[in-house]
1. So which of 79, 24 is loosely packed, with under 15 Cβ neighbours inside 10 Å, acidic (Asp, Glu) and over 29 Å from residue 225 (Cα atoms)?
2. Where residues in region 348-369 are open to solvent by 100 Å² or more (accessible area, probe 1.4 Å) and within 16 Å of residue 421 (Cα to Cα), which of them is farthest from the chain's Cα centre (by Cα)?
3. Restricting region 469-507 to residues that are open to solvent by 40 Å² or more (accessible area, probe 1.4 Å) and in contact with a helix residue (DSSP H, G or I) (Cβ under 7 Å, 6 or more places away or on another chain), which is nearest to the ligand (Cβ to nearest atom)?
4. Does region 581-615 hold any residues that are surrounded by fewer than 18 Cβ atoms within 10 Å (Cβ to Cβ), in contact (Cβ under 8 Å) with a residue 40 or more places away in the chain and in contact with a strand residue (DSSP E or B) (Cβ under 9 Å, 6 or more places away or on another chain), and which are they?
5. Have a look at 318, 314, 302 and point out the one that is at pLDDT below 90, out of contact with any Asp or Glu (no Cβ under 8 Å at 6 or more places or on another chain), of a type in the set (Ser, Thr, Tyr) and open to solvent by less than 30 Å² (accessible area, probe 1.4 Å).
6. Before we move on, is residue 555 in the same structural domain as residue 666 (by TED's automatic domain parsing), more than 16 Å from the ligand (Cβ to nearest atom) and not in a loop (DSSP other than H, G, I, E, B)?
7. With the structure loaded, tell me whether residue 512 is modelled with pLDDT of 90 or more, more than 8 Å from the ligand (Cβ to nearest atom), open to solvent by 30 Å² or more (accessible area, probe 1.4 Å) and in a loop (DSSP other than H, G, I, E, B) or whether it fails that test.
8. Would you mention how many residues in region 95-116 are under 36 Å from the mean Cα position of the chain (by Cα) and in a strand (DSSP E or B)?
Amino acid sequence: MHLCQIHERDISQESLLNGLPLEEGILIPSVFERAAKRAGLSSKIQTRRLAQINPHLLPCVLIIKNPKTQENDACILYELNEQHATVGFSDIPESAQTIALDELNHQYQGQVIYVRPEFLYQTQALKIAKPSLHWFWGVIQENRGLYKDILIASILINLFAIAMPMFVMNVYDRVVPNHTTDTLWILAAGIFLVITTEMILKLMRSWFVDLAANRADVKLSSSIMERVLNMRLVHRPRSSGSFISNVQSFESIRSFIGSLTVTALVDLPFVLLFTLIIALINPILVIPIVIAILVVITYALSAQQKMHELSIDSMEASAKRNDTLYEAVANIETLKGFNAESRAQSRWEKATLFITRNAAKMRFLSASISNGATWVQQMASVSVIVLGVYLIIEGEISQGALIAAYLLTSRAMGPISQTAGLLAQYHYAATSYQALEEIMQRDVERPQGKSWVHQGQLKGDIEFRNVDFSYPNDDRLALSKISFKIRQGERVAILGRNGSGKTTLEKLLLSLFEPSGGSILLDGIDIRQIDPAELRRNIGYIPQDIVLFNGTLKENLMFSAPLASDEQIVNASHISGLAPIINAHPEGFNMQVGERGQSLSGGQKQSVALARAIINDPPILLFDEPTGSLDFSAEATFSKNLQTIVTGKTLITITHRTSLLNLVERIIVLDKGRVIADGPKDQVLEALRQGQVGRTQA
Ligand code: ADP
């Protein structure tokens, strides 16, 4: 954050860190680069001794051992000379201290992170971000150094391949007739060298291919996950199971770029070279090879369309099957409760049957291509020999030349059949690529390079101005022309029949969806300008369906506040009424809540949700039926506890319970997505009672 200030990057902690793989809420060096990038800073980690640090690249970050806690920490290095260094420690980076180099050396862990601005300044006001690279090709491009090496290795391997036929030809034509064993040994030594080098090159090539694929794999899968988590909810896929399967299909791209067969493409141009050498021996020998190449290519191309269709069908079917599995496992209780297992089972079996049939067809097709190519290759070799024998009889070529031509024929045909075999894999990878490309092109909540208004702590003034909203793929307006203002510290209940748009209104306020018309302002700023992560940190939200994650209670509480102190946690659990549950359990805060929180009762989950919502002490509280699963006494405790925390906070709660209404001073009534009443609690309740406000229930 301090470096951002130095480089005049106005950005919040949430914008920097949200969604990054932190360790217990702490930014670690390997993730630093990604965080810095969000602020338009480019950074590089290096292992350097203090004396080697380039003073022109300061300020930079040093990884040190904190002298007090003895834990890994970081500091900013502002200046460095032979005796002293000026540093800012992580607790107060802005107050720089000058310390002796020896002392710093003692704490320094050997790693330095250089940071510099990434933007090109055009004018003071206009900053231009580096255009971001394509998610896939950009990463491949980053490995171009490795691919260059692979290319060079492949070229050399192919050139060396000429050595063997030449060796055999010379042995037949020169050594055997003249019995010159000296020449034989010299030739043998030469070929030994060539073969050995070829083997080393091949090993290196496969190592490099794997290395490049691994590097790409790590980067690609993290960027895919980041994209998935950052996706706007509007683009949320209709079916999670098939979405998951599309994301996972990345595996086939990975294995495609990681397989050595890709190098067959590099070998392709050498088909020409080998054919040329055969032509030099005798042009007539080229005829069978050209025919063979044409036959293989024609067949492989004609199978393309079918291959493509089959791989798309397979992909769709396995997406559907995954969907069935996902739904069944996630909702197993409901499924059993309604005796509906057979539906899932039959969907699963149908999909499986289709997939296996499809896979068999695909395998057969690709086997027919590769076996066909081998057959053609062998036929070409036989033809070369038959033709060659006639040429020998006519005295056109030597015996050695025939053998060389024979060996070169298989060399020339090799890449052709390999490429034909590659096509099968290619289609599967290409289909997955397309599915992923579609996911990667969807809008995200926080597009790269977008600058947000950074407010820090919000006060809690909320305004809806003529807000319209309809859900994607739904023409009806879920909210229509909603306008109201809620002042900081005001406590408001939202009432309305089921489906009147109450939850939708809260989702818009959380910026989970954007209004289709009008605007929502927080402290006078349109919420589209506030980083969603920063916005959500300022809002304590209790959703209608409370979902906890598998893990301990403490982990679930710290979910939105990874750096919360023990005091904060204890405090939040007291207010939320969680303390008695924790005290009664032998493991206390470390009790396991089970998958989706299933080892807790509905009421207990609601307490956890409240604690989770208030742990950050947010200025706005947004509740959706927070006491829906509580019994009367628990509800009374809940609203009593709530009384102590709502002071000074803006509270918006959806509720049908009177005890929560005691907390609020104003009521907004929604019906069919419109505000039909808005005013002081007593007046609105009275109007509702007298039936002046539609037939809305209170
Ligand atoms: P309430 O909270 O008042 O019961 P909601 O805000 O949940 O009502 O729903 C308002 C309207 O929006 C309803 O007609 C509902 O069918 C529709 N709706 C809610 N969620 C979605 C969604 N994810 N996709 C499409 N329509 C939705």
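The values are calculated or read from the model by the stated rules, or taken from the named source; none is laboratory data. Being a predicted model, the structure only gives us computed values, none of them experimental. Glycine also receives a Cβ, built like all others from the backbone with ideal geometry; neighbour counts cover every protein chain displayed. When the accessible area is computed, the model is the full protein with side chains, heavy atoms only, and any ligands, DNA or RNA have been set aside. Shrake-Rupley method; radii C 1.70, N 1.55, O 1.52, S 1.80 Å.
1. That would be 79, the only listed residue that is loosely packed, with under 15 Cβ neighbours inside 10 Å, acidic (Asp, Glu) and over 29 Å from residue 225 (Cα atoms).
2. So, considering only residues that are open to solvent by 100 Å² or more (accessible area, probe 1.4 Å) and within 16 Å of residue 421 (Cα to Cα), the one farthest from the chain's Cα centre (by Cα) is 364.
3. 472
4. Within region 581-615, 592 is the sole residue that qualifies.
5. 314
6. Yes: the conditions hold for residue 555.
7. Against the criterion (modelled with pLDDT of 90 or more, more than 8 Å from the ligand (Cβ to nearest atom), open to solvent by 30 Å² or more (accessible area, probe 1.4 Å) and in a loop (DSSP other than H, G, I, E, B)), residue 512 qualifies.
8. Final tally of qualifying residues: 9.
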